[in-house]
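Quick notes on the structure that follows.
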Amino acid sequence: MKKLLLAEDEPILRMLVVDTLEDEGYSIDEASDGEEAYQYITSGEYDLVILDYMMPKMTGIEIIEKVRQLPGKEQVKILMLSAKSQQAEQEKVLAAGADGFMSKPFSPLDLIDKVEEMLRG
C-alpha cells in the first residue's frame, strides 16, 4: 500500500481528498498546516506528499525548499495543489522543487489520475 501525506488547511477539501484517495487504496496521513506537514515529512516515509500552496505557519513553497535540503528527503515526490493557477505560479512551484502541480478546483478523477501518474513516474 502506497503511503501519502496530505497537507491542506481547508477541512472539507482535506476530507474530500482523503476519502477519494483512501477509496483507491492509499494510506494517508493528514496535516492541517505547513508546520505539521513538515514534521510529518521529517519523521516519516511517504511515496507522495500533496501540499496546498497557501497554508498557515508555512507555505507549500517553504516546505518544498526545506525538504529539498534534508539529507535522504531530496527525492520525495511532491504534488502542489493551488488556486493560484497562473503559469508564473506553476513555474515558481516547479522551480522550488515540486514534481507536479494541480490547479484548484479539480475533479476527484483528475486527482486520482495525477497521483497515479506521479507514483508511476
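Things to note:
- Prolate/oblate/rounded call for the chain, Cα gyration tensor, a/c under 1.5 rounded: rounded
- Glu24/Ala83 FRET efficiency (R0 22 Å; Cβ-Cβ; nearest 0.05): 0.40
- Value at 222 nm in deg cm²/dmol, rounded to 500, when DSSP H runs of n ≥ 4 in the chain each add -39,500 (n - 2.57): -13500 deg cm²/dmol
- The chain, relative contact order [Cα under 8 Å, separation at least 6], %: 23 percent
- Computed label-point distance, nm, for sites Gln69 and Asp47 using a 7 Å Cα→Cβ extension: 3.1 nm
- Values of log10 I(q)/I(0) for region 1-71 across q = 0.20, 0.21, 0.26 Å⁻¹ run -0.76, -0.84, -1.19, by the Debye formula with one identical scatterer at each alpha carbon and no solvent.
- Heavy-atom accessible surface of the chain: percent carbon and sulfur, 1.4 Å: 48 percent
The values are calculated or read from the model by the stated rules, or taken from the named source; none is laboratory data. A quick note: this is a predicted structure, and the numbers were derived from the prediction, not measured. In this analysis, Cβ positions are derived from the backbone assuming ideal geometry, glycine residues included, and neighbour counts consider all displayed protein chains. The area values use the complete protein model at the heavy-atom level, side chains included, leaving out ligands, DNA and RNA. Shrake-Rupley method; radii C 1.70, N 1.55, O 1.52, S 1.80 Å.
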